[in-house]
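> My questions all concern the structure below.
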Amino acid sequence: MNALAWNCQGLVISSYSKMEELCSKLGFEGFIAVEPRGKSGGIAMFWKNTDNVNLLSLSQSHIDIVIKSFDKGEWRLTGIYGEPDRAQRHKTWDLLRNLSRDANLPWCLMGDFNNVTSRADKKGGATYPNHLIEGFNNCLQDVELQDMDIIGHQFTWERGRNTSQWIEIRLDRVLVNAHWRSLFQMSKVYNIEGTPSDHSLLLMIPEQQIGGSEGCSISYAP
């Protein structure tokens, strides 16, 4: 089951019927969505085989499902939209810690975490605050999640391209626990650039064979 994660800036869908229409146009069979508040926010997940997906939990910031694979058994996929307000960033860390309490399955998380793990994750602009880097890394250590390497361009968000104010940051990522990593040892994550959003798209291929994507996690940003 290949999976896509994309922060679609400007794509605000406020009704079930419009979401159902989008699901059909994208070629998926099922979806779960949390509607945006006002004209921004919201998160949705699409998939192709409705018999293989069970919802665990959801909120304005996440959708958590269990996928039943024919050859790999059950594993967990969580779509994340991290808290954009730096002063409230701890809410994302608390969410990850709470979700990890049920992490007895192979677990993969994808999305825009709105945080970086090191200064190398940001190019241009002001220096990223140390306390946010340390807070995020402490959270990842607590929940025992590994940050998967990205193949391709290392930054996933940008602003001010080809100007003196050009900033690039790796905000979008794929995190997995050791159980998932051992189950999908050949997995790869690719950065797909050139999208109409200010975020690039991440393609995660667990089995290292490019084909039709069966799952999609999309977060709507301000």
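The values are calculated or read from the model by the stated rules, or taken from the named source; none is laboratory data. Nothing here was measured: the structure is a model prediction, and the numbers come from that model. Glycine gets a Cβ as well: all are built from the backbone with ideal geometry, and neighbour counts include every protein chain shown. Protein only, heavy atoms only, side chains kept; ligands, DNA and RNA dropped before computing areas. Shrake-Rupley method; radii C 1.70, N 1.55, O 1.52, S 1.80 Å.
> For N104, indicate whether it is part of a loop (DSSP other than H, G, I, E, B), out of contact with any Lys or Arg (no Cβ under 6 Å at 6 or more places or on another chain) and within 25 Å of L183 (Cβ to Cβ).
Criteria met by N104.
> Just give me the residues in the stretch 116-130 being open to solvent by 30 Å² or more (accessible area, probe 1.4 Å) and either among the hydrophobic types (A, V, I, L, M, F, W, C) or within 30 Å of G73 (Cα to Cα) (or both), in sequence order.
Correct list: A120, A126.
> Any idea which of D142, D149 is surrounded by fewer than 18 Cβ atoms within 10 Å (Cβ to Cβ), under 22 Å from I65 (Cα atoms) and modelled with pLDDT of 90 or more?
Being surrounded by fewer than 18 Cβ atoms within 10 Å (Cβ to Cβ), under 22 Å from I65 (Cα atoms) and modelled with pLDDT of 90 or more holds for just one of D142, D149, which is D142.
> Let me ask another. Considering only the stretch 102-115, I want to know if a residue exists there that is without any contact (Cβ under 8 Å) to a residue 40 or more places away in the chain, of a type in the set (A, V, I, L, M, F, W, C) and open to solvent by 10 Å² or more (accessible area, probe 1.4 Å).
The answer is no; no qualifying residue exists.
> Failed condition for I167, given (1) open to solvent by less than 60 Å² (accessible area, probe 1.4 Å); (2) under 19 Å from the mean Cα position of the chain (by Cα), with all others met?
The one condition I167 does not meet is (2).
> Residues in the stretch 142-170 that are over 23 Å from S182 (Cα atoms) and among the β-branched types (V, I, T): how many?
So the count comes out to 4.
> Scan the stretch 40-50 and give yes if some residue there is in a loop (DSSP other than H, G, I, E, B), open to solvent by 40 Å² or more (accessible area, probe 1.4 Å) and of a type outside the set (S, T, N, Q), otherwise no.
Yes.
> I've got another one for you. Here are some residues: T92, T163. Which one is in a helix (DSSP H, G or I) and among the β-branched types (V, I, T)?
The match here is T92.
> Which of the residues that make up the stretch 51-66 are in contact with an Asp or Glu (Cβ under 7 Å, 6 or more places away or on another chain), among the hydrophobic types (A, V, I, L, M, F, W, C) and either under 19 Å from N115 (Cα atoms) or open to solvent by less than 70 Å² (accessible area, probe 1.4 Å) (or both)?
V66
> Still on this structure: If I filter the stretch 84-101 down to residues being open to solvent by 40 Å² or more (accessible area, probe 1.4 Å) and in contact (Cβ under 8 Å) with a residue 24 or more places away in the chain, which single residue comes out as farthest from S59 (Cα to Cα)?
In this case the residue turns out to be R86.
> Looking at the structure I just gave you, is I133 hydrophobic (A, V, I, L, M, F, W, C), open to solvent by less than 20 Å² (accessible area, probe 1.4 Å) and without any contact (Cβ under 8 Å) to a residue 40 or more places away in the chain?
Against the criterion (hydrophobic (A, V, I, L, M, F, W, C), open to solvent by less than 20 Å² (accessible area, probe 1.4 Å) and without any contact (Cβ under 8 Å) to a residue 40 or more places away in the chain), I133 qualifies.
> When you scan the stretch 140-149, do you find a residue that is hydrophobic (A, V, I, L, M, F, W, C) and part of a loop (DSSP other than H, G, I, E, B), even just one?
yes
> Quick check on the stretch 187-200. Is at least one of its residues at pLDDT below 90 and crowded, with 18+ Cβ neighbours inside 10 Å?
Yes: the stretch 187-200 contains one or more residues that are at pLDDT below 90 and crowded, with 18+ Cβ neighbours inside 10 Å.
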